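The values are calculated or read from the model by the stated rules, or taken from the named source; none is laboratory data. Since this is a predicted model, take the numbers as computed values, not measurements. Because the Cβ atoms are built from the backbone with ideal geometry, glycine has one as well, and the counts that use them run over all protein chains shown.
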Amino acid sequence: MVLRKVTLAIMSKLELSGKYFEISVAPMMDWTDRHCRYFHRLISPRAVLYTEMVTANAIKFGERDRILHFNDAEHPVVLQLGGSNPDDLAAAAKVGEDYGYDEINLNCGCPSDRVQEGSFGACLMKDPNVIAECIAAMMGNVAIPVTVKCRISIDDFPDEDFLYDFINTVKQTGCNTFIIHARKAWLKGLSPKENRDIPPLNYPLVYKVKRDFPNLKIIINGGFETVDNIQAALPHTDGVMIGRAAYHTPWVLADIEQSIFGNDSIPERKHVLEHMKLYAQQQYKDFETPVKSVSRHMMGLFHGLPGGRHWRRILNDAPKRAPDDVSIFDEAYDAVKKAHDNLAAREAA
Ligand SMILES: Cc1cc2nc3c(=O)[nH]c(=O)nc-3n(C[C@H](O)[C@H](O)[C@H](O)COP(=O)(O)O)c2cc1C
């Protein structure tokens, strides 16, 4: 088990010109649950996968197993925590480590009102000493790496000074990995969704951070959608984290495997689909998980291909079907195949 985890951690890094890079799929609430991560793992053996943010309180008071259980196939998998109480975070990190997560990440980038009410997420960046205390407490309680995901700044604070002050304070704990969403967050006036689009991206600042802190691992996040985008960022950072594009167009992960990791044995979409059908069947058997909870993450599997819209439309109907009805996958795939065959026939005519 330990050997497998180590091997996966090594495999998940790409060496280019003697330097290692990491590609990861971002933590996304309501999206990157264990079914989604299992699906992504089938497409990409190497991407590092993140959980949705789990609050330290949820781990303290909630149904732990439901929240934290994951499939061994998901490694390397990072548990993202939210909170601002060092003792609670330290305890939650330990629970995460005992569950087998490979790394713990602290969310210092979420601007939602709910998160602000709990005084964590992006608003914590205003007080880097509190973050440093939290990180130190977590690092003191676990042997696995503890990392931070943050924005470049918040509100009216000047981007560069704010970010440098933040990093200088937090790195004193020994934390050496920062995943930086390359835009600031406005804590008032913008919704979380707007905060992912409206503040402009500032990749050069993140690249500068890497130059000025060469011993830190700096992963850039925000707006990466294609292999070309990602390849352009790799020489300036230690890796790229991909959020929405991985969810909406998951096959980009296969393109990354092929073009960036040089992996020539990527499964076909049909193989991924067949595997997911068996997985959904098993999930229903083991946990009574309805098929819709699995299929909802697969809407983008045929994105951009003939029949992709039919696929999506049919999967959209999953909530109306019996909870164990996996035939929806065959039906949706038949529609894709038909669209594909029709196009081929038209092109041949
Ligand atoms: C639906 C959704 C939920 C998100 N939830 C989280 C979260 O739980 N924790 C976090 O740090 N970021 C969260 N994010 C932000 C992403 O991790 C990422 O930083 C952001 O989407 C920018 O990357 P992208 O442009 O590649 O999507 C979420 C984003 C989306 C779209």
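At a glance:
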read-out: Out of Glu194, Glu103, sole residue that is under 28 Å from Arg37 (Cβ atoms) and modelled with pLDDT under 95; value: Glu194
read-out: Out of Pro86, Pro158, Pro128, sole residue that is over 20 Å from Ala26 (Cβ atoms), without any contact (Cβ under 8 Å) to a residue 12 or more places away in the chain and not acidic (Asp, Glu); value: Pro158
read-out: Filtered residues of segment 154-166 (kept if aliphatic (A, V, I, L, M) and out of contact with any strand residue (DSSP E or B) (no Cβ under 6 Å at 6 or more places or on another chain)); value: Leu163
read-out: Which numbered condition Pro145 fails, given (1) under 21 Å from Met241 (Cα atoms); (2) at pLDDT 95 or above; (3) touching a Leu at 6+ places or on another chain (Cβ under 8 Å); value: (3)
read-out: Failed criterion for His303 (all others in (1) touching a residue at least 60 places away in the same chain (Cβ under 8 Å); (2) assigned to a loop (DSSP other than H, G, I, E, B); (3) within 21 Å of the chain's Cα centre (by Cα) hold); value: (1)
read-out: Failed criterion for Asp255 (all others in (1) more than 15 Å from Ala26 (Cβ to Cβ); (2) outside any helix (DSSP H, G or I) hold); value: (2)
read-out: Residues within segment 129-142 that are touching a helix residue (DSSP H, G or I) at 6+ places or on another chain (Cβ under 7 Å) and surrounded by fewer than 22 Cβ atoms within 10 Å (Cβ to Cβ), tallied; value: 8
read-out: Residue ID - farthest from the ligand (Cβ to nearest atom), chosen from residues in segment 217-242 that are surrounded by fewer than 16 Cβ atoms within 10 Å (Cβ to Cβ) and assigned to a loop (DSSP other than H, G, I, E, B); value: Thr226
read-out: When residues of segment 243-252 are limited to those that are more than 10 Å from the ligand (Cβ to nearest atom) and not in a loop (DSSP other than H, G, I, E, B), the one farthest from Asp228 (Cα to Cα); value: Trp251
read-out: Criterion: assigned to a loop (DSSP other than H, G, I, E, B) and away from the ligand (no atom under 16 Å from the Cβ) - qualifying residue of Ala143, Ala90, Ala132, Ala137; value: Ala143
read-out: Residue in segment 200-214 that is without any contact (Cβ under 8 Å) to a residue 60 or more places away in the chain, surrounded by fewer than 19 Cβ atoms within 10 Å (Cβ to Cβ) and within 15 Å of the ligand (Cβ to nearest atom) present; value: yes
read-out: Any hit, segment 30-43, residues being at pLDDT below 95, touching an Asp or Glu at 6+ places or on another chain (Cβ under 8 Å), away from the ligand (no atom under 15 Å from the Cβ) and of a type outside the set (Gly, Ala, Ser); value: no
